[in-house]
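Q: The structure that follows is given in the form of structure tokens.
The values are calculated or read from the model by the stated rules, or taken from the named source; none is laboratory data. These figures come from a predicted structure and were not determined experimentally. Glycine also receives a Cβ, built like all others from the backbone with ideal geometry; neighbour counts cover every protein chain displayed. What goes into the accessible areas is simple: the full protein's heavy atoms, side chains included, and nothing from ligands, DNA or RNA. Shrake-Rupley method; radii C 1.70, N 1.55, O 1.52, S 1.80 Å.
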Amino acid sequence: MKKKIFLSIILLVVFNLSLFSITTVEKKFNSLSDYIKGHFKGISISKNGKLSLSYEIKDLVKPSENLVFSAATDQNGVIYLGTGHSGKLYKIQAGKISEIYKTGEPDIFALTVDNGGNLYFASSPNGKIYKMDKKGKVKEFFDSKDRFYWQLEVNGGKLYVAAGGNRGKLYIIDLKTALLLKTYEIDELNVFKLFLKGNKIYIGGSNKGTVYEIKGENKESIFQADKREIKGIFVNDKDEIFIALGGSSLSKESTRNRIIIRKTVSFGKIVKINKDGETEVIWKSKNEMPYDLTGMGNRILWVTGNKGRVYSYNNDKVLLIGELKGEIGVSLKRYGDKFIGLYNFPAGVFEIDNKLIGKGIYTSDIIDTGTLSTYGNFYLKAKGEVFASYRGGNTEEPDNSWTEWSPYMKNYFKISLNKKRFFQIKIKMEKKVEIPSLEEIRFFYLPVNRKPIIERLIVDGLQKRTKKNSFFSKSSRIKNSGNKFITISYRAIDADKDKLIFSLFIKKNGTKKWDLVKKDFYDNRFVLDPTNYEEGTYVVKLVASDLPSNPQNIAKSSYKISNPFIIDYTSPEIVFEQNTGNKIKFRVKDNLSFISKVFYHTGDRKWKILFPDDRLFDSKEETFTINKKSSKIYIIKAEDKRGNTRVRIYR
């Protein structure tokens, strides 16, 4: 018996605690989705939300063009760039950039350099492949009449060309003679990507998402992603094949009469095929598309569009290793023991070092607590030299009203912020004795309780109580002579999603005292019996309180006063004038309400509507005229706006 009583007490306490919605909030950062909206430099983020030092991503000099599409490097570290819309070729050497050639076509999608330092570049659309020797002399090298050239690679004295437009083709050309040695065709519009590994060639299509493995005369399909574009192919030292594929779709919103196209949504995957042919998706996104993929040994890197990010895969782990200054990363190539990459919007060139950086910074997105808040403790679950700083304010974007960044602190500290809605965190990592890492951020805050808002308070006209009027509560069903009631409806909201309780008061115009109608109810409608009050003009006041969800000392309430309304249960008067001749003239008047309807019949109970002499029901007194006929009796019924009626007989 004692156990049962004890259990009942526990359940009661738990139930009562669950009613309170304003309570201490614990915020955690321990997943990729928690961190990915922030900004990071020299910081990598794993899939499970672990932060560690990353590789340095350094911006190089860039051309004054809006778009860069292709890059290649020679043995001396010279970087060549192919640009878009202007068809210009640039060279970066010793930290300086210069324009070295301009084609007759707008875009240069493909570049490569042979062992002798000769540069090959292809212009599109409807362009050609050119060769520039070490002295800068340019001559036409190859023209297949294809619309587009997408990629060029040099290997073993041969030039491999990925081309298309109307039909996907791979060309193999002798570098010395410029003679076409071999052509492979695929059933796609373009051969978009190619990769060379030993005596094998891998090519990927643009519209059916097929990847082929070519060895000698044998061409075999090894992968297909329905209606996706192959964005990159790489084969590592374990002969595992990595494929980047992407696509886009239009986000649509349907209305009653039409479908509205909102925006283009990009998505993509990175797929790994092992030596046994088993396929595994190692990364996928619903809002990022990989644009290129490459690697070094067993380390794989890819760049994405829409967000301008760089990802890495090694030892079965995917890391987000950096973000770019442009929205779309378009190209990534190996460059000695480093990587060279391109991005657009705006256009730029970047370099990725192969060594871990010594210091990294992560800055979170703005954290919105929803209301003014008081902050508590901050915890870092970390190894090595990991520090945190914070700031806060009450504007969505940081401005001069925000606090300054706090000093960097380690492990655990108290957040010295009060009544700030917005909060931001900065994490600093430094490599000293050990490589630092961060597994979790945890902090606490208490939101200020917000008072409820009564958005709408409407006092309707009189309504008869019927079975359909289910909103009449038992407490409201007070009998009156006319069986008519005034309906009060309202809408209240609470930003904290607190449960609300209501009280209703009434006051007659010209008086000061509010009389309680009903206290502490939860319905969103109330039915008022007008016969409990004397006639006149009134207003009601509705009070909403969040007391059911909060302790007494922090509960909030608000109120709203209605527009004036009339309580009138006296019927209008019908006054006949001294009538002579063939016309019956009379007046209908009411002390409080406008006249709304007048009918009559001549004993046959077939009511006929009658309009005022001026044809408008627009006052408390109206005059009417009936043209007399043979009938000796006229029954007249008048009704005011409150539904009160009176009947008189004229003989």
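Q: Quick one: how many residues across the stretch 613-622 are closer than 23 Å to Ile566 by Cα and in contact (Cβ under 8 Å) with a residue 12 or more places away in the chain? Please lay out each step first, then the result.
A: Of the residues in the stretch 613-622, the ones closer than 23 Å to Ile566 by Cα are 616-622.
If we keep only those that are in contact (Cβ under 8 Å) with a residue 12 or more places away in the chain too, we end up with 617-622.
The qualifying residues number 6.
Q: Let me confirm something: among Lys541, Lys585, Lys519, which residue is in a strand (DSSP E or B), under 27 Å from Phe624 (Cβ atoms) and of a type outside the set (Phe, Trp, Tyr)?
A: Lys585
Q: I need every pair where a residue in the stretch 185-205 that is among the aromatic types (Phe, Trp, Tyr) and open to solvent by 30 Å² or more (accessible area, probe 1.4 Å) has its Cβ under 7 Å from the Cβ of a residue that is modelled with pLDDT under 95 and not in a strand (DSSP E or B), sequence separation at least 6 or different chains.
A: Phe192/Ser206
Q: Since Phe141 meets every condition but one in (1) open to solvent by 60 Å² or more (accessible area, probe 1.4 Å); (2) modelled with pLDDT of 95 or more, which condition does it not meet?
A: (1)
Q: Which condition number does Gly136 fail, the rest of (1) assigned to a strand (DSSP E or B); (2) farther than 17 Å from Lys333 by Cβ; (3) of a type outside the set (Val, Ile, Thr) being met?
A: (1)
Q: Tell me, please, whether a residue that is under 30 Å from Gln151 (Cβ atoms), in contact with a His (Cβ under 7 Å, 6 or more places away or on another chain) and at pLDDT below 95 can be found in the stretch 45-64.
A: No, every residue in the stretch 45-64 fails to be under 30 Å from Gln151 (Cβ atoms), in contact with a His (Cβ under 7 Å, 6 or more places away or on another chain) and at pLDDT below 95.
Q: How many of the residues making up the stretch 576-632 are aliphatic (A, V, I, L, M) and farther than 30 Å from Lys508 by Cα?
A: Count: 4.
Q: For the stretch 620-637, enumerate the residues that are touching a strand residue (DSSP E or B) at 6+ places or on another chain (Cβ under 8 Å) and open to solvent by 30 Å² or more (accessible area, probe 1.4 Å).
A: Across the stretch 620-637, the qualifying residues are Lys620, Glu621, Thr623, Thr625, Asn627, Lys628, Ile633, Lys637.
Q: What are the residues in the stretch 312-340 that are under 23 Å from the mean Cα position of the chain (by Cα) and either free of Cβ contacts under 8 Å to residues at least 40 places away in the same chain or more than 15 Å from Ser44 (Cα to Cα) (or both), if any? Spell out how you get there, then give the answer.
A: So in the stretch 312-340, the residues under 23 Å from the mean Cα position of the chain (by Cα) come out as 320, 322-329.
Those that are under 23 Å from the mean Cα position of the chain (by Cα) and either free of Cβ contacts under 8 Å to residues at least 40 places away in the same chain or more than 15 Å from Ser44 (Cα to Cα) (or both): Lys325, Gly326, Glu327, Ile328, Gly329.
Q: Looking at the stretch 207-220, is at least one residue touching a residue at least 12 places away in the same chain (Cβ under 8 Å), outside any loop (DSSP other than H, G, I, E, B) and over 23 Å from Thr112 (Cβ atoms)?
A: yes
Q: Could you check the stretch 30-82 and list, in sequence order, the residues that are surrounded by 16 or more Cβ atoms within 10 Å (Cβ to Cβ), of a type in the set (S, T, N, Q) and within 22 Å of Lys102 (Cα to Cα)?
A: Within the stretch 30-82, Ser70, Thr73 meet the criteria.
Q: Within the stretch 372-430, which strands (runs of 3 or more DSSP E) (wholly inside it) include 3 or more residues that are under 29 Å from the mean Cα position of the chain (by Cα) and either without any contact (Cβ under 8 Å) to a residue 40 or more places away in the chain or surrounded by 15 or more Cβ atoms within 10 Å (Cβ to Cβ) (or both)?
A: 385-393, 418-430
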